[in-house]
Amino acid sequence: MAQLLAPALPDRARMRRSAPAAVSAVALIAMIGVCSSLQPGVLTVEGLTLVLSATVPLVIAAQAQMTLMAVGDIDLGIGNFVGLVTVVSATLLVSSPLVGALVLAGLVAAYAVLGLLIHLREVPALIATLGASFVWLGLGLFLLPTPGGTTPGWLASFGAWQPAGFPAPLLPILVVALLVYLLTARSAAGVRMRGLGSNPVALRRAGLRPLTSRVIAYATAGALGVLSGLVLASQTGGGDVSSASSYTLMTVAAVILGGGSFSGGNAVPWGAAIGGVTLGLVSVVLSLLDVRSDMQSAVQGVIVLAVLAGRVVVGKVLR
Amino acid sequence: MNIRVTGSRRWSGPWNGAPWIWGFAAAALVWLVILAISGQGGGQTVSLALSLAPYLVIVGLGQMLVITAGPGNIDVSVGSVISLAGFVSVAAASATGSAAVGILAGIGVGVLVAAVSAVAILGLSVPPIIATLAAGLVASSITLSMANGFTAVPDPGLRSALNLRPAGVPLLALAIAVLTVLVVALLRRTVYGRSLIAVGQSRRAAERAGIPVARIIGSTYLLSGALAGLTGALLAAYIAPSADLGTRYLLDSVAVVVIGGTLISGGRAVPVGVWGAALFFILLDGLVNLVGWSTAAQNLLKGGLVLFVLFLAGGGDRTASLFRRRSRTATATTTSTGDDTDG
Amino acid sequence: MHVDNLPAGGTAPPETDTGPAARPPVVTARGVTKAYGRTRALTGVDLEVRAGEVLGLVGHNGAGKSTLMRVLAGLEACDTGTVLVHGSRASAEDFRSVRMAYQETSLCPDLTVAENMWVSSRHCLPRLGWRRAASDAVRRRLDEMFPGHGVSPRDRVEDLSLARRQMVEIARACLVDRLDLLILDEPTESLGPDAARSLYAYVRRLTETGTAVLLISHRIREVLSVADRVAVLRDGAVTAERPAAGLGEPDVLELMGAHVATPAATGTRAAAGGAAARETVAELRGATGPGLREVTLRVGRGEVVGLAGLAGQGQQEVLERLWRPVRRDTTVKVTRAYVPGDRQRSGVLPLWSVGDNLIVTALRGIARRGLRRPAEERAVVGDWVKRLAIRGGAEAGITELSGGNQQKVIVARAFASPAGLVLLDDPFRGVDVHTKTDLYRLIREEAAKGRSIVWYSSENAEMAHCDRVYVFRAGRIVAELTGEEISEERIIAVSFNEDGGND
Amino acid sequence: AGCGSGGSGSATADAAGGSAGGGGKPFIALSNGFIGNGWRQTMIAKFEAAAEQAKTDGLIGKYKVVNAPGENSATEQVAQIKSLLLQKPDALLIDPASPTALQPVIQQACTAGVKVVVFDSAIDAPCAHVLQNSFVDWATYAAKPLLEGIGGKGSVIVSRGVVGSQPEAEMLDTTKKILADYPGVKTVATVTGMCDGATAQKAVLGVLSSVPKVDGVIGCGDGYGVAQAFATAGKPVPAVDFETNGRALSYWRDNKIDNGSVAVMSDPGQSVAALWEALDLLGGKDVPKQMTFPIVLIEQKDRDAWASVLKPDEYAAWPWTQELFRQQVEAVKTGGKPVQPPIPSAVG
Ligand SMILES: Nc1ncnc2c1ncn2[C@@H]1O[C@H](COP(=O)(O)OP(=O)(O)OP(=O)(O)O)[C@@H](O)[C@H]1O
Ligand SMILES: Nc1ncnc2c1ncn2[C@@H]1O[C@H](COP(=O)(O)OP(=O)(O)OP(=O)(O)O)[C@@H](O)[C@H]1O
Ligand SMILES: [Mg+2]
Ligand SMILES: [Mg+2]
């Protein structure tokens, strides 16, 4: 057909889309390479367990952020939310497991309600979640004004679990990424969510309620946030509402590193996992590299920029 | 002829006519409560709030300009810039003996950090939130290395100038009021201001209308950096340079911009509103301290109020029907060619 | 019931023995009204679509066609009146057999073709394995409708060309277990002639199985050649219904409104011979790149240069080069202004008034040392609002204006600036004839004042207003027409000969 | 601490040679949860100076300092401790970002045979040795001299620390008890100053207009900011509890504030004490699991001596030597009077 001047090149397009995650993966591998050359112990099972375990909650929180970014929203409250969950699991979940579990379920519901209100009132998610982040922080401080408490035994033993011959942290990272992949990329619900981020008008025309899609996305993000908080609590053995405050921006960075975008429509669970691990490993590399303590955050910033610059270069090449 | 619908939805609340009113109303309410509780010093409460608010207003004005540049634009480096500019300005002022040089140095360092962000945003197409995050990280590293063994002390002359309150009106508040008027004039009366607002409404349309979009966005980040630097310079003289001088200003700067009525999706800036929101935040802190509430209550109150105002004012129709239509503005900007009202 | 098991058409039995008038109505509208705020979109529509017929629907912009379609498809409820499906009051279930292909696709760009199928046709897909079922179904349907379409169900819609998107959009409308009425809203606007022919062949096959088709188009000739009956919608009501046979284009135009007349090419065109003598203000020398191959063209001072051909053959790339002349093979000696066709996305600044929108480009020239001069600006704005008779005046919000009036503002924006070269990117799509005539006149007037204009249009008839026309195919210039050579027939002939050479 | 990378040579080589047992000199690692304020920076600087000296003296083979980036992030610190463990230090000193979050990783370190010394904060880790501050002393020093200074009557503002934390509760309790002994003193407001001058400055300013004349502000190392708040409000500076850094002390001295103000804070030199403790532990000495170390109190008489040796952002630290440390351990064991390390002279 004559009018099709430049036939679409789906394969090239597909490559272009996975390029960001690939660049991050290269950075990840490079960092593990650097680590293991400095410290051969890194490549053993115990080494990987030590190095990776701290990244698990970040990666799970990044999946939550990714889910919301897939519907075109952004969550500036996830850090404090995860912190709040650690507080709940170090207080209520111990004193009365049932109440604790109910509160955690309530937090997921609160996220769903937040999504509902954001949708119905047509307000920007950025500000609504920013406001909510103050609320999460306040609730956390209310429950546990300063870090403390102890997590329930089952949670602590999950944190300490070390199977032989397999780096334990890899398991939650992969399982959660797989579940989120199945939900957001393979399932019908995922189509609805991405459709919402992509073109809500089309959804409405097809008789699908964008509201439902948004609420599902927020509930999913809330559930992932709770999971992230539980894993974090299992590692830290206590509650601290501000223990994850850096997650808010880090998860956004992880999703961007993994190939996600602010405009919505894309689900990149594997990319988010790679991006999250990459960011999580930065501080490990920094401490192995004997970087001057006051220069560590600069190096962190430069690494993020470098990976994103690499992505631009690769994108140009593939265009 | 793309059919993509841009992600962010336009938000036209709260209170379309006088969007700045909310901040002032909330501030007045808190002030009345303080008055009722303490039963004295009403005028002085305002006067003291006015001596703290300007710092938040300056950085808020910068953040406002950035947010006005359109969806996705935000400067999360302001906190680190304030801290760094604090040290640099104090060092420069004590090295040269001139407070003015110190202030200029603070502004300069803000511009430099913002230049890093701007290069990353425009040259590397890094999303602004990430670019400014990275630039902020670099800045805080420099802050930390400067803080080590830092010996200079803030200029006493500048400090006493900041504390001047002829007839109970802080001199600084007057100066920053003038600055606010300048920003209003910048937005209304200059080519740059008009271009910025155009870019914020629709980047593509602005580009097609012949506006140098990259230059406008770049200079907006530089301006925000300069204002954050100025805040740092003044704050360091007023309080003292410290590595965490600016930490608290990041979230608050975004919050005052939004409560002040500036459109979060860009294209409408409300400089006066920043004042109302800043006064509200300062007075709220005072109230919480007066009543002896914990920080937990303070945060719950802040977050609850932001959400309340947001959801109450809302953005769309009051009817939440099944096929909810977008508000008029939303139709105009976010739709796509998939729009069916026009063939 | 699943799509896989179904024949191409609907399930209604063919009724070949009776005439169209005797066939049962599929969808009936009785006294339908619909108002959006103060805009009365439909003022009382009575319309019947009968099984197995193609009903053409024509009407000027804003006549209410799309609104009526949304009501007929059950997407929106009408204020008063009734919509009957198969003679009974319709429930949501009934509307499932009424499907609509939107003029500009309503697909989700980030989803794959198969996923888009799920969005619109999920009722007839299995819960498990829907992905495979949707892929198979859409592939089969596309093969049937557009042989050689080149679309894979796994492609993301954003990676497809516009024409392919339109194919997918139409195919998805046909993917149901029972299709009683298919509504096509300007389906061929971005399709090539081959695809259009395949589409209409398919439409014929559909109607043979008893499905009704409602075709909306501004291309009257096309409607007349395909439709059995033609209905004319005017100001929210059906004002005429005629059998297509024996109806001519002028007849239809007359039915649509007496004031509508085919805008004739004006006689103001510069003499053909003069073109070469003009001073060159912009040129491309063998420009090659994405979408362009060896394009050489020049624009003279005061000249109106047309870029013609089918959609997406490189015309917009040429405009892009001229707008941002960064490469060495492009020279532009004068300042430029741009008139985008996609006014929603690249035209209006939605929060501003008409005046603000109009002046934004000229602002720079008027200002002194970066400071605006409001009095001068107001004078310019007032001038243009008057000159183009922009309804609402300078103070009205731009989004309160109708589409055509918005487009006037955007055109005025370009011409209010001192630009020596004005680039028009198909700016008159979906603009009604009245407005168009005004704007054509404006273009000629401005050219006469010494401005150069480069004008891409997807409507070949518009090219008659140009001094010179370059016809594009596959990123190349295949012909340069001057003066009297410029005619719709000629352009079409040049664009289509050696057909099949690419793709 | 311009030379944060205190280690020498290649880390790999050192890690192999530095592990304990083989007669090699010990490898001491310090993990610090937060580097964003002057106190922590002084603490790190003191440690690095002492460790460098100890290396020269042949007491240790290598040392390493890791500061978690960002805002007091326990999660970052956990990650960093985990990667530190890969480098197999012999002893690990920790200034924790959170009193609980590090418990599992400390357990992990102990299991790996690393001697762990936690300082500056109490922590629930049975296997670690803890050096902590006496918050009762702190609150007492902060209130008593000040109340005496204002003559035992008048009105005061109480500026609380990090409300809700265990130390703050302890301190508030003590403050209340002491205030009960002074019936002439009226508490006119209680604000949250977070033990941070900038926060206290804003908090006090917020209530100043609503309270009558104030004679003193009982705080925890936030006096400089409080004094600024009074200056802004155009009121005379009352008796306050200054920070122990050079800036506050010079301000105190230069403005001739002579009203019972003191400077009192915890001791950033604890990191050095922790180093000596780690060495003694590695040497097999018996050291109590929990020890309370003296805090730094600067009264008006010692003010000028301290002020002349401290940089503006440097905090007063007790100059712990191995000798002094052992004396303090003895004092703790026997319940004797805590050691009073010397006040530095202007020469040092
Ligand atoms: N959702 C809506 N909200 C408000 N007004 C609307 C809406 N949809 C349509 N209208 C108005 O109703 C009238 C009829 O519009 P409609 O889209 O049906 O026209 P049309 O005949 O399809 O025009 P075109 O040929 O331009 O596609 C117009 O005046 C339009 O502005
Ligand atoms: N989304 C909308 N919501 C509310 N009112 C609308 C909307 N779109 C259009 N209108 C109103 O409907 C009127 C007609 O709009 P429309 O664009 O359909 O006009 P039109 O008849 O196509 O005009 P033109 O021929 O100039 O394009 C406009 O004046 C506008 O105020
Ligand atoms: Mg239409
Ligand atoms: Mg129209």
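The numbers here are math on the coordinates, done by the rules we state, and not lab data. Because the structure is predicted, anything quoted here is derived from the model rather than measured. Virtual Cβ from ideal backbone geometry, glycine too; neighbours counted across all protein chains shown.
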Quiz item: Per the Kirkwood treatment, what hydrodynamic radius in Å, one decimal, follows for segment C:343-419 from the mean inverse distance over all distinct Cα pairs?
Solution: 12.2
Quiz item: For segment D:193-310, what ratio Rg/Rh do Cα atoms give with a Kirkwood hydrodynamic radius?
Solution: 1.12
Exercise. Express in % the proportion of alpha carbon pairs of the protein assembly as shown at distances exceeding 67 Å.
Key: 18
Quiz prompt | 31 Å Cα-Cα threshold exceeded, pairs from D:K82/D:K177; D:K285/D:K337; A:K316/C:K408; D:K25/D:K82; D:K186/D:K311 | solution = D:K82/D:K177; A:K316/C:K408; D:K186/D:K311
Quiz item: Of all DSSP beta bridges located in chain C, what percent are antiparallel, nearest 5?
Solution: 55
Quiz item: Among D:A307, D:A274, D:A49, which one shows the biggest mean-square fluctuation in a GNM of chain D, springs joining Cα atoms closer than 10 Å?
Solution: D:A49
Quiz item: At q = 0.09, 0.10, 0.15, 0.20 Å⁻¹, what log₁₀ I(q)/I(0) does a Debye calculation on the Cα points of segment C:304-458 give, no solvent, two decimals?
Solution: -0.28, -0.34, -0.79, -1.36
Self-check item: Whole-percent pair-distance distribution, where bins are 10 Å wide, for the alpha carbons of segment D:144-213
Solution: 20, 47, 33, 0
Quiz item: For chain D, max minus min Cα coordinate along each principal axis, in Å, sorted largest first?
Solution: 68, 41, 39
Quiz prompt | Equivalent-ellipsoid semi-axes of segment C:58-188, from the Cα gyration tensor, Å, largest first | solution = 27, 18, 12
Quiz prompt | Descending Cα extents along the principal axes, segment C:23-256, whole Å | solution = 47, 36, 36
Quiz prompt | Cα gyration tensor category, rounded, prolate or oblate, for segment B:146-274 with a/c compared to 1.5 | solution = prolate
Practice problem: Using a 10 Å cut-off on Cβ to Cβ distances, tally the other chain neighbours for every residue of A:36-43 and report the average as a whole number. | Solution: 3
Quiz item: P(r) tail for chain C, what percent of Cα pairs lie past 31 Å?
Solution: 50
Quiz item: If you take the square roots of the eigenvalues of the alpha-carbon gyration tensor of segment C:128-217 and sort them as a ≥ b ≥ c, do you get rounded (a/c under 1.5), prolate (a/b over b/c) or oblate?
Solution: oblate
Practice problem: Rounded to the nearest 0.05, what FRET efficiency do A:A109 and C:E208 give with R0 = 45 Å and r taken as the Cβ-Cβ distance? Could you check? | Solution: 0.25
Practice problem: Please identify which residues in segment C:325-348 have an amide N closer than 20 Å to a label point set 7 Å out from the Cα of C:E480, following the Cα→Cβ vector. | Solution: C:328-334
Self-check item: Where only C-alpha atoms are counted, convex hull volume of chain A per residue in Å³
Solution: 152
Practice problem: Starting from the Kirkwood radius over alpha-carbon pairs of segment B:61-220, derive D by Stokes-Einstein at 4 °C in a medium of 1.567 mPa s and give it in µm² s⁻¹. | Solution: 75
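How do the peptides A:68-80, D:288-300, C:465-477 rank, highest first, by the average count of neighbouring beta carbon atoms within 10 Å per residue?
Working: A:68-80: 28.8, D:288-300: 18.2, C:465-477: 24.7.
Averaged packing, sorted descending, gives the order A:68-80, C:465-477, D:288-300.
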Exercise. Take the Cα atoms of segment A:55-124, build their convex hull, and give its volume per residue in Å³.
Key: 87
Quiz item: 222 nm [θ] for the protein assembly as shown, helices only, -39500 (n - 2.57) per DSSP H run of 4+, per residue, to 500?
Solution: -16000 deg cm²/dmol
Quiz item: Stokes-Einstein D for segment B:30-93 at 25 °C, 0.890 mPa s, Kirkwood Rh over Cα pairs, in µm²/s?
Solution: 168
Exercise. Please report, in whole Å, how far the alpha carbons of chain B spread along each principal axis, starting with the longest.
Key: 68, 51, 37
Quiz item: If you look at just the Cα atoms of segment A:92-225, how large are its Rg and its Dmax in Å?
Solution: 18.2, 53
Quiz prompt | Karplus-derived HN-Hα couplings along segment A:197-211 (A = 6.51, B = -1.76, C = 1.60, θ = phi - 60°), whole Hz, x at Gly and Pro | solution = x, 8, 7, x, 4, 4, 4, 4, 5, 7, x, 9, 7, x, 4
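Rounded, prolate or oblate: which fits segment A:1-132 when a ≥ b ≥ c are the square roots of the eigenvalues of the alpha-carbon gyration tensor, with rounded for a/c under 1.5 and prolate only if a/b beats b/c?
It is oblate, given that a/c is not under 1.5 and a/b is not larger than b/c.
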Quiz item: Can you list the equivalent-ellipsoid semi-axes of segment A:233-319, largest first and in whole Å, using the square root of 5 times each Cα gyration tensor eigenvalue?
Solution: 25, 19, 10
Exercise. Per residue, how big is the convex hull around the C-alpha atoms of segment B:165-208? Give it to me in cubic angstrom, could you?
Key: 64
Quiz item: Can you pull the mean other chain C-beta count within 10 Å for peptide D:30-38?
Solution: 4
Quiz prompt | Other protein chain Cβ atoms within 10 Å, averaged over every residue that makes up B:37-45 | solution = 3
Self-check item: Burial ranking of peptide ranges C:457-463, D:240-246 (average Cβ count within 10 Å, highest at the top)
Solution: D:240-246, C:457-463
